[in-house]
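The values are calculated or read from the model by the stated rules, or taken from the named source; none is laboratory data. Keep in mind the model is a prediction, meaning the values are calculated, not measured. Cβ sites come from the backbone with ideal geometry, for glycine too, and all protein chains shown count toward neighbours.
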Amino acid sequence: MILEARNICKSYGSLEVLKNVTIECHKGKIYGLIGANGAGKTTLFRILLGLIKQNSGSIAIDSEGIKPIGGIVEKPALYGYLSAFGNLKVFAQIQRLKLTKELFNESMHQVGLSPERKDAVKNYSLGMKQRLGLAIALLNNPDCIVLDEPFSGLDPMGISALHSLIKKLSRENQITIIISSHIVSELADLCDMLYVLYDGEIIKSGSAARLLKENVTTFKISGKNLEMSEVLKNVDAVFMNKSVLVSPKESTISEVLQRLIEEGVEVTSCIPQTDLKALFGREGV
Amino acid sequence: MISLIRSEIYKIGKQSKTLYALAAILIIEGFVIMSAYYQGAGIIDLLLDNLKESFEFQGNLLNGNLIIYLILNSLWFHVPLILMIIISGFLTSEYKDKTIETVMLQPVSKLNFILSKYIVSIIFTLLIVLILAVTTFLISYWIFGYGDLVVYLDGLNFFESEDASYRLINAFLSGTITMVFFSVVSLTLAVILKDATKTWIVAAIFLICSNLLLKIDFNNEIINELFFSKLTDSWQYFFYYEVPYSSIYFKNILLLAYSILVMVIGVLIFKRRDIQG
């Protein structure tokens, strides 16, 4: 185990933000921390990163490196008046790491940024800042990276590129990555494990695939002639433009699809819809 | 620690506000010189009209030494105010931009980080006062030349040109310690308040109150001798005929002790607090 946070509690006055939170992370795996806004994700990350102190509980990181853990909390905070080189130089220097031209080029290529750009970072897009923030977090090769809402504000291309980068860091560099998000679809195909934080407590944990599957109650079916279907009239179906939301209760989704095909409906897609209320809440715990 | 100090110096060198600070200092200097150039002679004549009938003055009284003395008096308010604004910004801007979080996410101790801020603030203060002093001496002597210095301090005091230069240099050196005190206070205020505007307001109030308290007699010898605001004027003592060196040394050493105390308070508060931008 590379990181273990046990029974973490944090309060601000009478407000309990985290209540006995325990998470365990293994080398090279990607962990997702999901929960609604205000669930306590960022507070937990700040504690893991040592920015704030917990009231009780312990954190153990099994690493002998200079920098056991790195990360980005909320938005990447960079010196806007400095270039990418200037930023990396400052953050390398303070941890007594000499930023050579080779290291700079390597760091920039690792996160998919061009080392040729010389202008101030304030001109960068959010996606580029995220990447530069990640390059800074990766200085001195930490064993674990914590990324708080890394996809927030990124366009679909940016999200896709960051997905690939995170997977690459996990697989090729064996870095443990912990990501938070309140958008489940972003984490669904990225994470090995999920922790669900609700009102400061971990209420669910397990493999991402299992947790998401358990909380899928509705499917979005698209196809031709859906409105003519007799099968859909017998299940709870909500018709939308060229698609329908189906929540089968007495039969499985495969049975519904089979009957639709037998009816002559041309199904073009069937996308499971995670029940966020069930996943984020205490229902089914 | 050295690497932290170097990175702080690098950041300061790259920020435009450093140039603004320098420009502000030089603009104040320029205004004093310009107004002296156009109106100074008339004012001096008006002030010394009666005395000129009884005494003989060597050279022009509107000379470089008088201009340096006038600029030196910006150490009362203008220079410390600019220093307090800029130096508190070294930390408040890190809170505003949340870069302090990115710094503390690296393997850096909070103690070393905040100590490096204090050390760089002191270096910056020394540099600003040095630039002010050097440019003041060069420009003033170049434009207005040398001459006897007349100063009003509990009455009119006159100093010969060479003696005046010596006293002015010492006054700048002594004033530097006062500037360091105000700089350290401003950084500690930034540690406490985090927000730039709040820190500027409190720093300005601190400076004004400090100058007001300096003039108040507390009717208590210990307070009058030891209270911090009573220690910030030692640089003026060089313009008494008999320079009270022991008093200057005492005041400066005590002011340095106050600076260290304020710095220790700032360090302790910073270390205890969570890092949140």
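The criterion of at least 2 residues that are more than 16 Å from the chain's Cα centre (by Cα), more than 14 Å from every other protein chain (Cβ to nearest Cβ) and among the acidic types (Asp, Glu) is met, among helices (runs of 4 or more DSSP H) falling completely within region B:160-277, by B:161-193, B:221-226. Residue A:42 satisfies every condition listed in (1) part of a helix (DSSP H, G or I); (2) of a type in the set (Ser, Thr, Tyr); (3) more than 14 Å from every other protein chain (Cβ to nearest Cβ) except (3). Residues in region A:113-144 that are without any contact (Cβ under 8 Å) to a residue 40 or more places away in the chain, over 18 Å from residue A:165 (Cβ atoms) and not in a loop (DSSP other than H, G, I, E, B): A:123 alone.
It is to be established whether one or more residues within region A:252-260 are modelled with pLDDT under 75 and not assigned by TED's automatic domain parsing to the domain that holds residue A:30. No, that holds for no residue. Within region A:63-87, work out how many residues are more than 7 Å from chain B (Cβ to nearest Cβ), under 21 Å from the mean Cα position of the chain (by Cα) and either assigned to a loop (DSSP other than H, G, I, E, B) or at pLDDT below 85 (or both). Looking only at that region, the number is 4.
This table checks each residue for (1) away from every other protein chain (no Cβ under 11 Å); (2) touching a Leu at 6+ places or on another chain (Cβ under 7 Å); (3) hydrophobic (A, V, I, L, M, F, W, C).
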site: A:55; (1), (2), (3): yes, no, no
site: A:61; (1), (2), (3): yes, yes, yes
site: A:98; (1), (2), (3): no, no, no
site: A:114; (1), (2), (3): yes, no, no
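Within region A:22-70, the residues that satisfy the criterion of being touching a residue at least 60 places away in the same chain (Cβ under 8 Å) and charged (D, E, K, R) are A:27, A:29, A:41, A:62, A:67. Taking region A:20-39 as the range and being out of contact with any His (no Cβ under 7 Å at 6 or more places or on another chain), in a strand (DSSP E or B) and crowded, with 16+ Cβ neighbours inside 10 Å as the test, the residues that pass are A:21, A:23, A:25, A:30, A:31, A:32, A:33.
One residue stands out among those in region A:90-112 that are touching a helix residue (DSSP H, G or I) at 6+ places or on another chain (Cβ under 7 Å) and in a helix (DSSP H, G or I): the one that is surrounded by the most Cβ atoms within 10 Å (Cβ to Cβ), which is A:91.
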